[in-house]
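Everything on this sheet refers to the single structure shown next.
Read the figures in this text as sums done on the coordinates, not as results from a lab. Being a predicted model, the structure only gives us computed values, none of them experimental. Here the Cβ is made from the backbone with ideal geometry for all residues, glycine too, and neighbour counts use every protein chain on show.
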Amino acid sequence: MMYWYDDHGMHGWGWFAMSVGMLLFWVVVIVGAVLLVRALIHPGGRGRTPTQPPAGPPAGGGPAGPSPEQVLADRFARGEIDEREYHARLATLRETADRLVKH
């Protein structure tokens, strides 16, 4: 009698498939737990990073963000544009603003 040597057991590929399956199972469980904890800790915070301001107008009723001139000045300060381009764009902004005010 050869009870231990029948051909119904797992061989090399069976053990490999079972190992990979178990590994994938635990990866899914851990990722699911992490996502659940994050959703419970930060409800409704999808798509926002801590440095982004909240969407919509500010509570104080002030301007919704920096003015176009301030954005241009910030780009110049960071070195994204040179002095010639800064002055050309600033003049264009002011001309456009003057035309909008007159109409």
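Note on S67 and W26: the extension gain reaches 9.7 nm, defined as 0.36 nm multiplied by sequence separation minus the Cα-Cα distance.
Evaluate E = 1/(1 + (r/R0)^6) for H42 and A17, where r is the Cβ-Cβ distance and R0 equals 41 Å; express this FRET efficiency to the nearest 0.05. According to the calculation, E is roughly 0.65.
Note on V101 and H87: the model spin-label points, each 7 Å out from Cα along the C-beta direction, lie 2.2 nm apart.
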